[in-house]
Amino acid sequence: ETCTPIFTDPKTKSYLDEASIILRSHKNCIGFPTETVYGLGASSLNDESVKSIYIAKNRPLDNPLITHVASLSQLHRKILPPSTKIPDIYLPLIKKFWPGPLTILLPVEDDTTLSRLTTAGQDTFAVRIPNHPVARALIAISDEPLAAPSANASTRPSPTLAEHVYHDLQGRIPLIIDGGPSNVGLESSVVNGLTNPPMLLRPGGISLKQIQEVGHGWEDIVTAKKTANASEPVRTPGMKYKHYSPTAKVILFVKCGNGVKAVQEALSRYPNSKIALLTGSEFEIPETLQAQFAIVDHLGSSITEMAHNLFAKLRNLDKNDMDYIFIEGVPDAGEGLALMNRLSKAAHETISNDSK
Ligand code: TXA
Ligand code: MG
């Protein structure tokens, strides 16, 4: 339950010590790796440090942040009032998925140690234990719970490599820790077990099915509605904000079989444009048709692989100045929910054989 990092490489320890000094000064945020995407982290316990996150990524102040802790004991010691119990509903979920890509909402007390800027006026706060050794070591060594959104500039695809963070935030933050590529590639799932039935606020690294299988009330989980009025407070993550947009316009293909007909039709609508094609597992595009694209790339052969690659591939295509990116989607259910959630938000237009 506790997290005591042991280092075989003394340099790693000295880098994390350097990062800890910055985090404890409560003035700045830094880039750090997690298993989902890179985070932009600062102490959750101080207004000035949390403000530095909103400023660095130009994030609207009414979109609350996830707090990252290294262990359950740290959560109790630094955030929860003495002798507080985590609501029973969460216990089987925590047991199964922490550390990992699952974020839960807990009630926020009137005299909370958390900076109120992390909750953006909600009566709950979001928390998870990341499953990346560098993230957990950093949080344990600094002994600061870290508020951390994805470390992209607002509206850009989330970063899954340290160089993505550098690209978006260079000159705005003092340090980025490189922990290699993020394994999952999409953000954590966010659930609220304080409502009846419990709600999935954002699909992510743990699938709806995995959550339902836990039982103990989670079999009844419902998915939050996808749209919000601009004047509503943000109850559901990301509902009202534009997200994950590369500069090129994304055209998303769903239920288009082998893709030949749909892709051909769409191509004919954009003459004289630089178009990239990102395929999944169903498309079988003949070479003559492929030749009409500036770039053809394979996103992945499974949903897991597609999720892992998506944000990095979108960023790479942006470097190549595409006008349009055609992407093969997946069924918008089960394992595909999180990937389709991100793809739909990135999409300028969706082409579906259903709509004909
Ligand atoms: O995988 C992740 O979750 C990554 C890594 C860095 O951990 N972080 C991340 O943070 O995606 P961010 O800020 O990009 O997304 C957090 C989401 C937001 O959409 C926010 O609306 C929601 O969580 N959220 C945070 N606190 C909330 C609360 N009290 N009630 C409802 N939603 C909340
Ligand atoms: Mg984000």
Looking at (1) in a loop (DSSP other than H, G, I, E, B); (2) more than 13 Å from ligand 2 (Cβ to nearest atom); (3) aliphatic (A, V, I, L, M), which is the only condition ILE211 fails?
-> (1)
Test for VAL296: is it part of a helix (DSSP H, G or I) and in the same structural domain as LEU314 (by TED's automatic domain parsing) | no
Just name the residue that is nearest to ligand 1 (Cβ to nearest atom) out of those in the stretch 125-141 that are more than 11 Å from GLU35 (Cα to Cα) and in contact with a strand residue (DSSP E or B) (Cβ under 8 Å, 6 or more places away or on another chain).
-> ALA126
For the subset of the stretch 148-197 comprising residues that are within 12 Å of ligand 2 (Cβ to nearest atom) and hydrophobic (A, V, I, L, M, F, W, C), which member is farthest from the chain's Cα centre (by Cα)?
-> ALA153
Top-ranked residue of the stretch 317-356 - restricted to ones that are closer than 21 Å to TYR270 by Cα and in a helix (DSSP H, G or I), ranked as modelled with the lowest pLDDT = SER355
Do you know which of the residues in the stretch 306-356 that are touching a helix residue (DSSP H, G or I) at 6+ places or on another chain (Cβ under 6 Å) and of a type in the set (Asp, Glu) is farthest from GLY257 (Cα to Cα)?
-> GLU335
Determine whether THR288 is farther than 24 Å from PRO159 by Cβ, outside the structural domain of ILE211 (by TED's automatic domain parsing) and not small (Gly, Ala, Ser).
-> yes
Do any residues in the stretch 190-216 that are on the phi > 0 side of the Ramachandran plot have Cβ atoms under 8 Å from those of residues that are assigned to a strand (DSSP E or B) and more than 9 Å from ligand 1 (Cβ to nearest atom), where the two are at least six apart or on different chains, and which pairs are they?
-> none
Does any residue of the stretch 70-87 turn out to be surrounded by fewer than 23 Cβ atoms within 10 Å (Cβ to Cβ) and either closer than 29 Å to ARG315 by Cα or not assigned by TED's automatic domain parsing to the domain that holds LEU208 (or both)?
-> no
Considering every residue within the stretch 301-312, establish whether at least one is out of contact with any Leu (no Cβ under 9 Å at 6 or more places or on another chain) and outside any helix (DSSP H, G or I).
-> yes
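The values are calculated or read from the model by the stated rules, or taken from the named source; none is laboratory data. Computed from a predicted structure; not experimentally measured. Glycine gets a Cβ as well: all are built from the backbone with ideal geometry, and neighbour counts include every protein chain shown.
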